[in-house]
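One structure below.
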Amino acid sequence: MNTLKLGFIGAGFIARFQALAMKQVRNCELSAIYDHTGAADLADYAKKNGLGEPKLYKTVAELCNHCDAVALLSPNYTRIEMMEQIVDAVKKGAELKGVICEKPLGRTVAEAERMVHLAKEANLLTSYFENQLHMNSINNALHQLRPQQEVMGGFTLARSTEEHAGPHNAWFWDPTRQGGGVLSDMGCHSIAIGRHILTPEGKSTTFLKPVSMQCDTSLLKWGQPKYKKQLLDKYGVDYSKTPAEDFATGIATFKNPETGQLLKAQFTDSWMYDKQGLRLWMDALGPGYAMEVNTLISPVEIFIGDEAAEGVADAETALEKSTSSRGLLSVLPNEADLYGYTTEIRDAVNSFLNGKNALLDFEFGAEVTFLVQAAYMAAEQKKTIDLTDTKVINDLKTYQSLISQGKGADILFS
Ligand SMILES: NC(=O)c1ccc[n+]([C@@H]2O[C@H](COP(=O)([O-])OP(=O)(O)OC[C@H]3O[C@@H](n4cnc5c(N)ncnc54)[C@H](O)[C@@H]3O)[C@@H](O)[C@H]2O)c1
């Protein structure tokens with residue numbers, strides 16, 4: 001089998017995680033990196049870990065001429081501009097097979113649809129990176145429960161949460177650049193995984209039809225004076241003027257089009273989870289059976305007392321978004337695999353090498369954006385949004401949440 005040469009645009013947190021995942025994936029190499037913050041360090045890491053001999057390129061066009069597929073791993077506010085440059089490079093002769101894009105595909109439905117359109121214009125295969133649908137723990141549990149589902153009927157309720165104590169870079173906190181707060185950042189994962197858990201085996205990822213959306217967005221921790229000051233001092237983001245939500249919860253209702261049955265995906269996301277670090281928690285209830293996943297439950301625990309805490313290593317090597325370096329700590333032996341990054345990048349590589357879109361393509365990513373934006377609309381309007389109403393669907397095409405317009409004070413402080 002051939003090797004797929006990947007070019008990374010973005011060399012920050014997620015690029016590093018994907019490089020870690022690539023160590024566990026065959027038939028791919030990192031050949032090119034867009035020359036921005038962190039690129040030289042990432043190239044060094046790739047060389048030391050046998051991922052390739054990536055070169056740094058100052059333009060997207062040059063990058064596209066030195067890889068088979070581009071992975072867009074840069075901040076949300078750079079998506080469209082980078083994608084336009086990729087399409088331009090293809091039109092000028094770059095022989096790209098496909099493009100990968102990290103979540104979210106767009107900050108609005110219009111942006112996500114533009115991404116779909118641009119990929120089609122350049123005839124590129126697509127892969128939308130939503131790692132949670134690739135989590136082996138989830139998919140193994142679903143597999144084990146298929147016989148029960150056949151006998152008893154499918155899951156009717158899925159609950160999913162993603163929480164940590166807050167993002168690592170200023171642009172995530174700025175709703176006008178990121179596209180909102182925690183709902184835009186992590187609600188996309190939780191809504192998508194809830195729908196996946198509810199989807200009957202063998203059916204497509206968009207088989208269940210969205211019926212309605214309820215949601216509440218709140219600013220519970222980072223709007224308090226002490227924490228607002230921390231954000232201003234550390235990241236230069238002023239939550240007195242342009243706040244974003246640090247807590248979001250809601251219910252997406254779907255319909256099985258074959259049986260007419262209504263199914264609920266409840267989601268909760270927060271940037272105020274002041275425990276060990278990142279926690280993904282999902283459970284699902286069916287008639288007579290259930291499943292539950294908690295990524296913080298590890299077979300490995302370590303304890304570091306006060307006296308020994310001076311010599312501690314970087315706690316984030318043990319657990320993403322770790323908040324503590326002493327006490328009883330979780331160590332997750334293979335986070336890239338646990339969160340689904342390994343399976344996700346393997347799927348993109350194998351799909352592109354076989355001339356196919358990945359399991360989750362840009363159309364799927366655009367549908368996730370649609371659901372997330374419906375959740376913002378529901379929270380703003382303080383009512384259940386009817387996702388079968390063509391007027392609502394049309395309104396969502398041009399909708400931009402107040403929070404992402406920098407007007408979050410209007411709803412988060414009232
Ligand atoms: N799937 C997940 O769980 C997950 C986790 C984290 C981030 N993400 C997504 O990955 C993307 C990147 O997030 P991150 O945490 O790596 O961010 P980051 O801030 O850590 O790194 C972003 C990198 O992008 C590059 N960059 C910055 N500005 C740029 C510009 N103007 N043009 C081109 N490149 C630029 C730089 O190399 C920078 O290091 C985001 O879209 C985010 O939503 C996904």
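What follows is calculated from the coordinates using simple rules that are stated; it is not laboratory data. These numbers come from a predicted model, not from an experiment. Cβ placement follows ideal geometry from the backbone for every residue including glycine, while neighbour counts extend to all protein chains displayed.
Can you sort ILE14, ILE403 so the residue with the fewest Cβ neighbours within 10 Å comes first? All intermediate terms of the calculation are to be shown ahead of the outcome.
Values: ILE14 18, ILE403 29.
Fewest-to-most ranking of ILE14, ILE403: ILE14, ILE403.
So how much slack lies between ASN2 and ASP88, counting 0.36 nm per residue of separation and subtracting their Cα-Cα distance, in nm? Display every interim value, and only then the final one.
Values: separation 86, 0.36 × 86 = 30.96 nm, distance 2.60 nm.
Separation in residues times 0.36 nm, less the Cα-Cα distance, equals 28.4 nm.
Among rounded, prolate and oblate, which fits the range 87-186 when a ≥ b ≥ c are the square roots of the eigenvalues of its C-alpha gyration tensor, a/c under 1.5 means rounded, and a/b larger than b/c means prolate? Oblate, because a/c is 1.5 or more while a/b does not exceed b/c. Classify the range 1-65: rounded, prolate or oblate, from the alpha-carbon gyration tensor (a ≥ b ≥ c, eigenvalue square roots; a/c under 1.5 rounded; otherwise prolate if a/b is larger than b/c)? Oblate, since a/c reaches 1.5 and b/c is not below a/b. Is the chain best put as rounded, prolate or oblate by its Cα gyration tensor, with a ≥ b ≥ c the root eigenvalues, rounded for a/c under 1.5, and otherwise prolate when a/b is larger than b/c, oblate when not? Because its axes are fairly even, with a/c under 1.5, the chain counts as rounded.
Quick check for the range 340-412: number of Lys pairs with alpha-carbon distance under 25 Å, counting only pairs 8 or more apart or on different chains? Write down the numbers at each step before the final one.
Numbers: LYS382/LYS391; LYS382/LYS397; LYS382/LYS407; LYS383/LYS391; LYS383/LYS397; LYS383/LYS407; LYS391/LYS407; LYS397/LYS407.
The number of close lysine pairs in the range 340-412 is 8.
Note: relative contact order over the chain, using C-alpha pairs below 8 Å and six or more positions apart, is 21 percent. Net charge in the neighbourhood of ALA46 (other residues with Cβ under 9 Å of its Cβ; Lys, Arg +1, Asp, Glu -1) is -1.
Electrostatic tally near ASP314: other residues with Cβ closer than 15 Å to its Cβ, Lys and Arg +1, Asp and Glu -1, net -2. Among LYS91, LYS356, LYS391, the largest mean-square fluctuation in a Gaussian network model of the chain, built with springs joining Cα atoms closer than 10 Å, belongs to LYS391. Taken as Cα centroids, the range 5-84 and the range 345-414 sit 26 Å apart, rounded to the nearest whole angstrom.
What percent does the relative contact order of the range 268-384 come to when contacts are Cα pairs within less than 8 Å and at least six residues apart? Working shown, then result.
On the way: 104 pairs, mean separation 22.1, N = 117.
Answer for the range 268-384 is 19 percent.
A straight chain from HIS168 to THR317 at 0.36 nm per residue would run longer than the Cα-Cα distance by 52.2 nm.
May I ask you to derive the FRET efficiency for ASN354 and ASP386 from their Cβ-Cβ distance with R0 = 41 Å, giving the value to the nearest 0.05? Could the numbers behind the result be given before it?
Numbers: r = 40 Å, r/R0 = 0.97.
Working from the Cβ atoms, E equals 0.55.
By the beta-carbon count within 10 Å of each Cβ, the least crowded to most crowded order of ILE80, ILE197, fewest first, is ILE80, ILE197. With a Förster radius of 30 Å applied to the beta-carbon distance between LEU328 and THR37, the computed FRET efficiency rounds to 0.30. Rounded to the nearest 0.05, what FRET efficiency is calculated for LEU296 and ASP395 with R0 set to 35 Å and r the Cβ-Cβ distance? Approximately 0.35, to the nearest 0.05. Take the cross-link list LYS97/LYS255; LYS228/LYS255; LYS23/LYS321 and give me the ones stretching past 31 Å between alpha-carbons. Those over the limit are LYS97/LYS255; LYS228/LYS255. The chymotrypsin sites (Phe, Trp or Tyr not before Pro) of the range 342-414 meeting both criteria, a DSSP state outside H, G, I, E and B (loop) and at most 12 other C-beta atoms within 10 angstrom of the site's C-beta, are PHE413.
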